[in-house]
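Notes follow the structure.
The values are calculated or read from the model by the stated rules, or taken from the named source; none is laboratory data. Only a predicted model underlies this, so the values are computations on that prediction, with no experimental measurement involved. Virtual Cβ from ideal backbone geometry, glycine too; neighbours counted across all protein chains shown. Quick note on the areas: whole protein, heavy atoms, side chains included, nothing else; ligands and nucleic acids left out. Shrake-Rupley method; radii C 1.70, N 1.55, O 1.52, S 1.80 Å.
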Amino acid sequence: MANTNGKAATSLPEKISAKANPEASEATEIAGNILYHAKYSPHFSPLKFGPEQALYATAESLRDRLIQLWNETYVHFNKVDPKQTYYLSMEYLQGRALTNAIGNLNLQGPYADALRKLGYELEEIAEQEKDAALGNGGLGRLASCFLDSMATLNLPAWGYGLRYRHGLFKQLISQKGQEEIPEDWLEKFSPWEIVRHDVVFPVRFFGSVEINPDGSRKWVGGDVVQALAYDVPIPGYNTKNTISLRLWEAKARAEDLDLFQFNEGEYELAAQLHSRAQQICTVLYPGDATENGKLLRLKQQFFLCSASLQDIISRFHERSTTEGSRKWSDFPSKVAVQMNDTHPTLAIPELMRLLMDENGLGWDEAWDVTSRTVAYTNHTVLPEALEKWSQSLMWKLLPRHMEIITEIDKRFVKTIRDTRVDLENKISSLSILDNNPQKPVVRMANLCVVSSHTVNGVAQLHSDILKAELFADYVSIWPNKFQNKTNGITPRRWLRFCSPELSDIITKWLKTDKWITDLDLLTGLRQFADNEELQSEWASAKAANKKRLAQYIERVTGVSIDPTSLFDIQVKRIHEYKRQLMNILGVIYRFKKLKEMKPEERKKTVPRTVMIGGKAFATYTNAKRIVKLVNDVGDVVNSDPEVNEYLKVVFVPNYNVTVAEMLIPGSELSQHISTAGMEASGTSNMKFALNGCLIIGTLDGANVEIREEVGEENFFLFGATADQVPRLRKEREDGLFKPDPRFDEAKQFVKSGVFGSYDYGPLLDSLEGNTGFGRGDYFLVGYDFPSYMDAQAKVDEAYKDRKGWLKMSILSTAGSGKFSSDRTIAQYAKEIWNIEACPVP
Ligand code: NBG
């Protein structure tokens, strides 16, 4: 690889001397410190200094600084001893860390200069970093945005997760469609994590429950593996506070190796526990179609909960030695545990067990402590995503926890029977255990609701639906337990760092960069929305971002796109409820019409580039068919000489955080078109809006609030509303649905074979018929199609008015202040966690 001077910088530069300097803040010192790491913390053969070596050395030089701030933060937290929040999440989508860390520490200039002295551009080095993808989609990225805001708001908080060796699979697009290959972020190593060899906790699986003479119970036997802590620093923006994302890795001890067996040549048998421990953190979300897969997933969940709670309790105790023993009743005034969806539900029975069996508390006291400590966030109403674990599997893996869950359920049901006769016939759906003899399961969401002091949804509409439907009967029992916390995104990563051009313009017009931590200040742009000078600066920033995106697209797909065409993007996990199928059917219709036009008619149309990206779960067949269809349509459209000046269709492969940072700044229109009521919030909608991208969307999730904030006239709305959906499905069942001719025409066009020989019959069948599993158009693509196409026509009209469009774009950014995760986290801190800022002086 060539450096900025055009020469290969493969050896260590000699002019600058390597010198350790953890507090370096000036370019020459930083360069010296980078070289010091290249030389004296080597991970590669000596004297090599290619871009990869430069990345590791640069990251380590930054890590020096982060460690310093980190230590100061924990010394300070320890001194003040505030109440702390522990965010338990099976997923974090951290993406790359270098640009973010340099930006949060406000060291862009010095780092860029330092690297230039060493023969590199900062961007080139940043490009070397792997994208840490320990999550699937929105839920994991939300957790990462939350960490950034917790640190920035100086909150005493920790993230807890698992250190998966392979994050979310890499998506390869071939003739067959999507193929999955293992992700490799730890193949070499991650320069950011620090192993804490002194933070190790035993975690048990299987075994049995022993009853002691005094009646107390103890979980014994089974497998015991070790949880070892790896910490990743999370720097706040423009503050010293640097907090931790603590990721657990599973290990067995040396003594767990059976030397005798090993020497007998029984290698696998001898290292059984080692290999079982290793399986736990091998992959994010192991397939759970098989019994083994389910067991492994449950092990992962328990592993996270048990290790984290033991750590939390030991931190609570640390203070006891100096100030006399701490009272357990004070635990909830020192500890808040937030469960990110139901995945960490086992934190509830595990905390009960630790309190009762390990610390001698009685049931009532343990229950009081637990239920004042834990809170639960719900992220979906989709029935298939509401976790239900088989009771027999749970008894096998976690016998003591099943006793505790059974007791929680028993007591809850008794209270209802005693106090709420009106709910008698609801008990079977309210209870935690579903004892249906065909398939007895534990309903994790019910366990969460019964045990948590607070339950929240992630956008107003979603929270309203939770209260009115999924959790309606619980609301009648605990009217004050339910809250809304509309999601947010960090403005640092999602505007300041991913679009420096636009950020600088905003800072210039607002005459301050305070918007970076006080995003409501963006409303100050409204008064300039018509200003020609701002509009022209805005347009040139967009144009630059579009050009950069076009180059990226050409590089990864080989498709050349016109940077002056309308950039229309839909990126998110592929799911039928998100309706990428509606998008591509709309594109197919547009293509057909363009083909039918005369050349001079085509010239009057607005050229568009439609980009669709996202991963399909490996076993989700219809989602994979959609990926294939988008690719096939792209192949045909992009090579059609009559049309490809006016329409291009690109499937963006391997969508992840890093790709999003490229796509979002270059977007002009983005699609958030889920069936109303089904997308809990969506968070990329917020990122697009913040970057001045207009939304075409349904009244679903956070779209509702985005539209309120940016103004109805700046949002392309279409489709049924959530309250109409049940009636529409019923009408369909009754055979009353009449499809729009455009919808039939688009489907017919696919069936005619224009897009190749792949059999799209099964995919299109999901849109046909009136009832049946996977049929009857459950997601209402057909019903919403005409209003979607009408809204798309309005988009084309609006785009022709360049000034009008720019104004809408500016107003979109101006109205996005509410969607800062700083606002969201400040609300959690005040209204759920009851914690306060603890800034390092
Ligand atoms: C997802 C929802 C999104 C939402 C994110 C973050 C799950 C279970 N839910 O709409 O589908 O934006 O959570 O809250 O992944």
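Numbers below:
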| read-out | value |
| --- | --- |
| With DNA, RNA and ligands ignored, accessible area of Ile67 (1.4 Å probe; Å², nearest 10) | 50 |
| Residue-normalised accessible area of the range 117-157, given per residue in Å² at a 1.4 Å probe | 23 |
| Centroid-to-centroid separation of the range 43-63 and the range 260-298 [C-alpha atoms, Å] | 34 |
| ³J(HN,Hα), Karplus 6.51/-1.76/1.60, whole Hz, each residue of the range 486-496, x for Gly, Pro | 4, 4, x, 9, 7, x, 5, 4, 8, 8, 4 |
| Global form of the range 152-283, assessed from the alpha-carbon gyration tensor, a/c cut-off 1.5 | oblate |
| Shape parameters for the range 253-310, alpha-carbon atoms, Rg then Dmax in Å | 14.0, 40 |
| Cα→Cβ-extended label distance, 7 Å offset, between Lys751 and Asp796, nm | 2.5 |
| Binned Cα-Cα distance frequencies in the range 432-487 - 5 Å width, integer % | 4, 19, 25, 23, 14, 9, 5, 1 |
| Extreme residue, positive dipole direction of the chain, given options Leu566, Thr486, Gly137 (C-beta unit charges) | Leu566 |
| Straight-distance crosslink candidates among aspartates and glutamates, where the alpha carbon sits under 15 Å from Lys48 and sequence neighbours closer than 8 are dropped | Glu14 |
| List Thr813, Thr523, ordered by accessible area with a 1.4 Å probe, largest first | Thr523, Thr813 |
| Straight-distance crosslink candidates among aspartates and glutamates, where the alpha carbon sits under 14 Å from Lys624 and sequence neighbours closer than 8 are dropped | Glu179, Glu180, Glu576, Asp632, Asp759 |
| Contour excess over end-to-end distance, with Cα ends at Lys79 and Glu601 and 0.36 nm allotted per residue | 180.6 nm |
| Solvent exposure ordering (accessible area, 1.4 Å, most first) of Met597, Met678, Met611 | Met597, Met678, Met611 |
| Charged-residue dipole, Cβ positions (Lys, Arg, Asp, Glu), the chain about Cα centre, Debye nearest 20 | 500 |
| Sequence-distant residues sharing a close amide H with Val199 (under 5 Å, placed H) | Ala229 |
| For the range 523-568, convex hull volume per residue from C-alpha positions, Å³ | 90 |
| Debye-sum result for the chain in log10 I(q)/I(0), which assumes one identical scatterer on each alpha carbon, at q = 0.04, 0.07, 0.08, 0.09 Å⁻¹ | -0.18, -0.57, -0.75, -0.96 |
| Cβ-Cβ FRET estimate between Phe44 and Asp184, R0 fixed at 22 Å, reported to 0.05 | 0.85 |
| Over the range 1-147, equivalent-ellipsoid semi-axes from the Cα gyration tensor in Å | 31, 20, 13 |
| Residues of the range 430-448 with amide N under 17 Å of a point placed 7 Å along Cα→Cβ from Tyr577 | 444-446 |
| Percent of C-alpha pairs per 10 Å bin, the range 337-432, short to long | 14, 40, 40, 7 |
| Cut-off under 5 Å, modelled amide H: who pairs with Gln94 long-range | Leu134 |
| DSSP beta bridge pairing in the chain, given as percent antiparallel to the nearest 5 | 45 |
| Cα pair count fraction exceeding 18 Å, expressed as % - the range 639-734 | 56 |
| Net charge, Thr683 excluded, C-beta distance under 11 Å - Lys, Arg +1, Asp, Glu -1 | +2 |
| Members of Lys176/Lys592; Lys603/Lys800; Lys83/Lys687 lying beyond 22 Å, as alpha-carbon distances in this model show | Lys176/Lys592; Lys83/Lys687 |
| Residues with amide H under 5 Å from that of Ser244, placed H, sequence gap 5 or more | Gly159, Ile234 |
| Largest to smallest principal axis extent of the C-alpha atoms in the range 713-841, angstrom | 69, 41, 32 |
| Percent accessible area from carbon and sulfur atoms, the range 722-841, protein chains only, probe 1.4 Å | 54 |
| Members of Lys648/Lys794; Lys485/Lys542; Lys572/Lys807; Lys410/Lys830; Lys511/Lys542; Lys15/Lys130 lying beyond 23 Å, as alpha-carbon distances in this model show | Lys485/Lys542; Lys572/Lys807; Lys410/Lys830; Lys15/Lys130 |
| Residue-normalised accessible area of the range 314-385, expressed per residue, 1.4 Å probe, Å² | 35 |
| Taking the convex hull of Cα positions in the range 404-512, its mean projected area over all directions (nm²) | 10.9 |
| Accessible carbon and sulfur surface of the range 327-366 relative to its total accessible area, %, 1.4 Å | 41 |
| Computed label-point distance, nm, for sites Ser329 and Glu358 using a 7 Å Cα→Cβ extension | 2.4 |
| Sites Thr512 and Thr619 - FRET efficiency at Förster radius 56 Å, r taken between beta-carbons, to 0.05 | 0.65 |
| Efficiency of FRET from Cβ geometry, Ser17 and Ser390, R₀ 41 Å, rounded to 0.05 | 0.05 |
| Pairwise centroid distance, computed over Cα atoms, of the range 80-147 with the range 151-176, Å | 11 |
| Kirkwood Rh and Cα Rg combined as Rg over Rh, evaluated for the range 213-307 | 1.11 |
| Greater than 31 Å apart at Cα, pairs in Lys117/Lys251; Lys327/Lys818; Lys467/Lys730; Lys299/Lys439 | Lys117/Lys251; Lys327/Lys818 |
| Geometric extent, Cα atoms of the range 285-332 - Rg, Dmax (angstrom) | 16.9, 51 |
| Distance from the range 794-834 to the range 220-248 (C-alpha centre basis), Å | 33 |
| Dipole magnitude of the range 142-200 about its Cα centre (Cβ charges: Lys, Arg +1; Asp, Glu -1), debye to nearest 20 | 40 |
| For the range 734-742, Karplus couplings with θ = phi - 60° (6.51, -1.76, 1.60), whole Hz, Gly/Pro x | 7, x, 9, 7, 10, x, 5, x, 5 |
| Alpha-carbon spread of the range 71-193, three principal axes, descending order, Å | 59, 41, 23 |
